[in-house]
Amino acid sequence: MSGTLNKVMLIGHLGDEVKMHYFEGGGCVGRFPLATNETYTNKQTNERITNTEWHNIVVRNKAAEICEKYLTKGDKVYIEGRLKTRKWTDDKGNERYSTEIQCNDFTFLSTKRESENNAQNTASVQPTNVSKSTENFEPLVDDNDDLPF
């Protein structure tokens with residue numbers, strides 16, 4: 001294979017509402033954090049350990065408006081896109097880098113009822129409960145051992 005591939009597929013839970021930014025030309029960008037979890041059992045202590053990884057998701061134009069309208073904090077979503085690293089200068093003049101997932105396809109995995117329950121629960125719960133809502137998420141495991149590599 002002579003080409004390269006930059007593809008990301010994630011299933012996770014929204015850590016916050018979609019934040020929108022509108023431009024003069026009519027375009028817009030939506031941004032939100034997505035949490036994915038890895039759960040395993042420590043063989044020495046028999047303790048169940050969950051590691052959460054946070055991803056910065058960027059959605060553009062009509063897709064961003066759809067995400068803003070239908071996604072709420074805690075919803076489960078499938079995201080497909082590519083990695084993009086941005087370079088920017090902070091207030092102190094330091095160069096900073098931010099790696100994001102530029103989303104080009106998504107599928108909502110929470111039902112409407114689950115979304116409504118998430119919206120009601122997050123209105124009365126402290127932000128620290130976000131990790132509790134994502135702890136029960138089990139990562140997908142593909143036991144397909146007949147891969148050619």
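Pull out a ≥ b ≥ c, the square roots of the eigenvalues of the alpha-carbon gyration tensor of the stretch 8-135, then state rounded if a/c is under 1.5, prolate if not and a/b is larger than b/c, and oblate in the remaining case.
On the way: a/c = 1.85, a/b = 1.29, b/c = 1.43.
Note, shape of the stretch 8-135 comes out oblate.
Could I have the simple spin-label model distance between Asp91 and Asn56, label points 7 Å from Cα toward Cβ, reported in nm to one decimal?
Each label point is offset 7 Å from its Cα along the Cβ direction, giving 1.7 nm.
May I ask you to order 68-79, 20-31 by the average number of other C-beta atoms within 10 Å around their residues, highest value first?
Highest-to-lowest ranking by the protection proxy: 68-79, 20-31.
Would you please classify the overall shape of the stretch 1-75 from the alpha carbon gyration tensor, given that a ≥ b ≥ c denote the square roots of the eigenvalues, rounded means a/c under 1.5, and beyond that prolate means a/b larger than b/c while oblate covers the rest? Let's see the in-between values first.
Details: a/c = 3.94, a/b = 1.70, b/c = 2.32.
The shape class here is oblate.
Around Arg96, what is the net charge, scoring Lys/Arg as +1 and Asp/Glu as -1 over all other residues with Cβ under 14 Å from its Cβ? If you can, show how the numbers build up before the last one.
Values: positive: Arg86, Lys87, Lys92; negative: Asp90, Asp91, Glu95, Glu100.
Within the 14 Å Cβ shell, the charges total -1.
With the crude spin-label approximation of a point 7 Å out along Cα→Cβ, what separation in nm comes out for Glu24 versus Tyr70?
The two pseudo-label positions are separated by 3.3 nm.
Values in this text are rule-based calculations from the coordinates and carry no lab data. All values reported here derive from a predicted model rather than from experimental measurement. Neighbour counts run over all protein chains shown; Cβ positions are idealised from the backbone, glycine included.
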